[in-house]
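The values are calculated or read from the model by the stated rules, or taken from the named source; none is laboratory data. All values reported here derive from a predicted model rather than from experimental measurement. Neighbour counts are summed over all protein chains in view; Cβ atoms, including those assigned to glycine, are modelled from backbone coordinates with ideal geometry. For the accessible areas, the whole protein counts, side chains as well, though only heavy atoms, and no ligand, DNA or RNA atoms are used. Shrake-Rupley method; radii C 1.70, N 1.55, O 1.52, S 1.80 Å.
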Amino acid sequence: MLRHDIEFDEVAHAIEDLGWDPDGETPIDLPTRDGLLIEVPPGEYAFPMDEQGGDQACTFDRLERWGLRGLGDSPDEVRFRTASGESGWFIRADGDSRDYLLENLAFDNTDDRAGGDIGNWLRARDGLEVHDVDHLGFSGAEPFCRWSILPAITSSSGSGRIVRYRKTGPSVFAGHGASDGGGGVFDHDGHLTFRDCVIANQGGDGGLYTGKHPGSIVFENCAFRNNDMAAIRLGAGCELRDCEIVIDWDDAHPENVLAQDISGDVLDAYHRARGVDEDTPAESPTRITNHPPTGTSGVYFTSAQYGKSGGGIYGCDIRIESTYDRGMAAILINPSDAIRDLHDTTVHCDVDQRAVWFMDPREQRFDSHRQPALPWSVDIRNLTVTGQSDCRGEAAVILEGRHDSTISGLAVDMPNAARELDADSSTGVVRTDGGETDETTTPMNLRVTNDGDRRAFYSFRASGTRPREGVPDGQTNHHRDGNGAGGYLAPGETHTWLVSDRPGNCSTVGASVTLDGEALGDVPAMATPDYEAFADAWGYPPAEETDDGGDSGNGSDGSGDSGDGSDDSDGEDGVSPARVDALESVVETISTDLATAETRLNDHGQRISDVEVEQDSQDERLGDLDERVSANRSVFQRLRDALSR
């Protein structure tokens, strides 16, 4: 029998052939032999769970040409729940599985607020097929929650389809890391298509948490409504097509519960499960009530440590109308991501948050995040942005570091926003729709080369600085305001930067500099504190202690020129008047910079305090993650066992 491109050898009737109890009183026995399709008549079926390494599941098997198909008129006529009432997995498939099917059935968490959650970890090398599956009942937070759907294609050449999957709540809305949300995609190398799916009223880490993996995903004609953290999370290289994204808490499921509002017997159950007793401090992260939800963005692209490029948003309707707590933006593109397109999309935002925000890839938010491959430009076509939000005092559309982007059709009606478009930190932005943007210039190539046999150093200031090629993250950095950069070069190495204008300052040690193929010429040397900041960061040797002198960046051979354009011939006391004037100017600059530095130090002191508070929060999250890692150790053990075979 052929179904959804899977060839089955035999078909078994769940009641007549396998003896399943449709009243749910006797747990079922689930055979998983290759080539078997089980057809299930309407009823309620209770499944047992075995334990492996602390995980409970109905099956941990490798599945091949296997399927489960409901025979009812709708998915909710064939329901599966845990026999014990505890939370656990129905399928926790081996990653070497392939060609298996779930169709026309439902998984029921029941209305229990503290147990009974069902997860499905659907790993396959190829041929994963999920069609017309509903997930019913109430979804809890840790430790009761499970990833409701966790598909992953483990081969880069494989693919899978999730069609008409629906999970609409209600749920506990707990903070980042305190709940699994509606589902996710991790450890995914192939391609997945989600089509005609609905994910709504899901707490935790987003309606679906699908951005952190090397693979690709396309969402077609899906709806994501009233989910925490973000209505939908995905990463560059993925596509969102013809989807509806809505945050309207006033119209959310009435039985959704914020974590801080859990009380009574349900709170007692969480305390028991999380080891809370009368000696547990009131502020302890172990208490579920200390995990309020994160706040709601609409679409959040982040591939984090994968630093991906490509993909985009096409023909989508995104509305942020009301929420319990604001998020960062209706559309937020993380610095780790460079999506290519934002086409034929409407964004409406009435909540006090940004509408469209492309964050700067030059400055990653966390050390573990990676910069995406160039180019970072985005092609914006037929984008409409409306609403009453003040965009937190900023523009309706923000492009940070998205150089050479193109805009053909941007209509903004946000009377409370500071302005329509902020592309100040993006050079080469081109608008063909008659709208206004900052005046742009054709970027120039600034090339720094080390022709010597020792490490060379450089630092320069120029507006619109961004890397072009041969500029590794680990040995370069931008100046604080983004208008310049510096770093070190190994012997024979070249770094090429794009700049909007001629550098105003440049200092090098052992390197030559050209601008659009011509020697840079006389340019004033760098002044503190930027030069000293790079000296500290990259270990610049003082110019007077080097054999090759401190070049001005003019392409000379290190002859010791001052770099200020003056004549270095000795005056009456061995120092030329021009040199004295230059030094006095430097002293004046240093004095001004010291005053500025004192102000910055005070600002940094406040920031450090803020960071310490954030660090405490991160430590709490790490504790939660440690619990989740412990819960998944068996997976890694099975992988090790498989590799040793």
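Looking only at region 308-334, count every residue that is within 14 Å of Trp249 (Cα to Cα) and either modelled with pLDDT of 95 or more or under 13 Å from the mean Cα position of the chain (by Cα) (or both) and tell me the total. Write out each step before concluding.
The first filter runs over region 308-334 and keeps only residues within 14 Å of Trp249 (Cα to Cα), leaving 319-327.
Then drop every residue that is not either modelled with pLDDT of 95 or more or under 13 Å from the mean Cα position of the chain (by Cα) (or both), which leaves 319-322.
So the answer is 4.
Given the criteria free of Cβ contacts under 8 Å to residues at least 60 places away in the same chain, of a type outside the set (A, V, I, L, M) and open to solvent by 30 Å² or more (accessible area, probe 1.4 Å), does Arg392 qualify? In short, yes. Of the residues Thr110, Thr82, which single one is surrounded by fewer than 23 Cβ atoms within 10 Å (Cβ to Cβ) and hydroxyl-bearing (Ser, Thr, Tyr)? Going through Thr110, Thr82 in turn, just one is surrounded by fewer than 23 Cβ atoms within 10 Å (Cβ to Cβ) and hydroxyl-bearing (Ser, Thr, Tyr): Thr110. With the structure loaded, tell me whether His176 is in a loop (DSSP other than H, G, I, E, B) and in contact with a His (Cβ under 8 Å, 6 or more places away or on another chain) or whether it fails that test. The answer is no for His176.
Is there a residue being over 30 Å from Ser309 (Cα atoms) and in contact with a strand residue (DSSP E or B) (Cβ under 9 Å, 6 or more places away or on another chain) anywhere in region 271-289?
Within region 271-289 (the criterion being over 30 Å from Ser309 (Cα atoms) and in contact with a strand residue (DSSP E or B) (Cβ under 9 Å, 6 or more places away or on another chain)), the answer is yes, since at least one residue qualifies.
Listed by position, the strands (runs of 3 or more DSSP E) inside region 35-153 whose residues that are touching a strand residue (DSSP E or B) at 6+ places or on another chain (Cβ under 9 Å), free of Cβ contacts under 8 Å to residues at least 60 places away in the same chain and not acidic (Asp, Glu) number at least 1 are 36-40, 43-47, 55-59, 64-70, 78-82, 88-92, 98-108, 118-124, 128-136, 150-153.
The set of residues in region 171-190 being modelled with pLDDT of 95 or more and surrounded by fewer than 22 Cβ atoms within 10 Å (Cβ to Cβ) consists of Phe186, Asp187, Asp189.
Scanning region 202-210 turns up no residue that is open to solvent by 10 Å² or more (accessible area, probe 1.4 Å) and over 15 Å from Ala230 (Cβ atoms). Here is a check on your reading of the model: is Arg233 open to solvent by 40 Å² or more (accessible area, probe 1.4 Å) and of a type outside the set (S, T, N, Q)? So Arg233 fails the test. Determine whether region 312-331 contains at least one residue that is surrounded by 24 or more Cβ atoms within 10 Å (Cβ to Cβ), of a type in the set (Ser, Thr, Tyr) and touching a residue at least 24 places away in the same chain (Cβ under 8 Å). Within region 312-331, not a single residue is surrounded by 24 or more Cβ atoms within 10 Å (Cβ to Cβ), of a type in the set (Ser, Thr, Tyr) and touching a residue at least 24 places away in the same chain (Cβ under 8 Å).
Just one of the listed residues (Leu399, Leu374, Leu383, Leu342) is open to solvent by 40 Å² or more (accessible area, probe 1.4 Å), over 13 Å from Thr302 (Cα atoms) and not acidic (Asp, Glu), and it is Leu374.
Considering the conditions (1) open to solvent by less than 50 Å² (accessible area, probe 1.4 Å); (2) in a loop (DSSP other than H, G, I, E, B); (3) within 20 Å of Gly327 (Cβ to Cβ), Ser297 is excluded by exactly one of them, (2). Residues of region 347-371 that are under 29 Å from Pro467 (Cβ atoms) and either outside any loop (DSSP other than H, G, I, E, B) or open to solvent by less than 10 Å² (accessible area, probe 1.4 Å) (or both): Arg354, Ala355, Val356, Trp357, Phe358, Pro361. Within region 194-236, track down each residue that is among the polar types (S, T, N, Q) and touching a helix residue (DSSP H, G or I) at 6+ places or on another chain (Cβ under 8 Å). Passing the criteria: only Asn226.
Taken together, Ser389, Ser377, Ser368, Ser408 contain a single residue that is among the polar types (S, T, N, Q), modelled with pLDDT of 95 or more and within 21 Å of the chain's Cα centre (by Cα), which is Ser377. Test Pro335 against the criterion of being in contact with a Phe, Trp or Tyr (Cβ under 6 Å, 6 or more places away or on another chain), buried (at least 20 other Cβ atoms within 10 Å of the Cβ) and in a loop (DSSP other than H, G, I, E, B), and give yes or no. Spelling it out, it is not the case that Pro335 is in contact with a Phe, Trp or Tyr (Cβ under 6 Å, 6 or more places away or on another chain), buried (at least 20 other Cβ atoms within 10 Å of the Cβ) and in a loop (DSSP other than H, G, I, E, B).
Just name the residue that is nearest to Gly428 (Cα to Cα) out of those in region 497-525 that are in a loop (DSSP other than H, G, I, E, B) and out of contact with any Leu (no Cβ under 9 Å at 6 or more places or on another chain). So, considering only residues that are in a loop (DSSP other than H, G, I, E, B) and out of contact with any Leu (no Cβ under 9 Å at 6 or more places or on another chain), the one nearest to Gly428 (Cα to Cα) is Ser500. Pairs meeting the criteria (first residue in region 503-518 and at positive phi, second residue small (Gly, Ala, Ser), beta carbons under 7 Å, at least 6 apart or on different chains) are Gly510/Gly452; Gly510/Ala456; Gly510/Gly558.
Looking across region 430-485, the residues that are open to solvent by less than 60 Å² (accessible area, probe 1.4 Å), of a type in the set (S, T, N, Q) and modelled with pLDDT of 85 or more come down to Asn445, Thr449, Asn450, Ser459. Taking region 222-286 and the strands (runs of 3 or more DSSP E) fully enclosed by it, no element has 3 or more residues that are touching a residue at least 24 places away in the same chain (Cβ under 8 Å), among the basic types (Lys, Arg) and in contact with an Asp or Glu (Cβ under 9 Å, 6 or more places away or on another chain). Filtering Arg241, Arg195 for residues that are surrounded by fewer than 24 Cβ atoms within 10 Å (Cβ to Cβ), touching a Cys at 6+ places or on another chain (Cβ under 8 Å), more than 26 Å from Gly137 (Cα to Cα) and not aliphatic (A, V, I, L, M) leaves a single hit, Arg241.
Kindly indicate whether any position in region 50-58 is closer than 20 Å to Arg113 by Cα and open to solvent by 40 Å² or more (accessible area, probe 1.4 Å). Taking every residue of region 50-58 in turn, at least one turns out to be closer than 20 Å to Arg113 by Cα and open to solvent by 40 Å² or more (accessible area, probe 1.4 Å).
Per the conditions (1) of a type outside the set (A, V, I, L, M, F, W, C); (2) open to solvent by 10 Å² or more (accessible area, probe 1.4 Å); (3) touching a Ser or Thr at 6+ places or on another chain (Cβ under 6 Å); (4) within 25 Å of Trp249 (Cα to Cα), the sole criterion not satisfied by Gln305 is (4).
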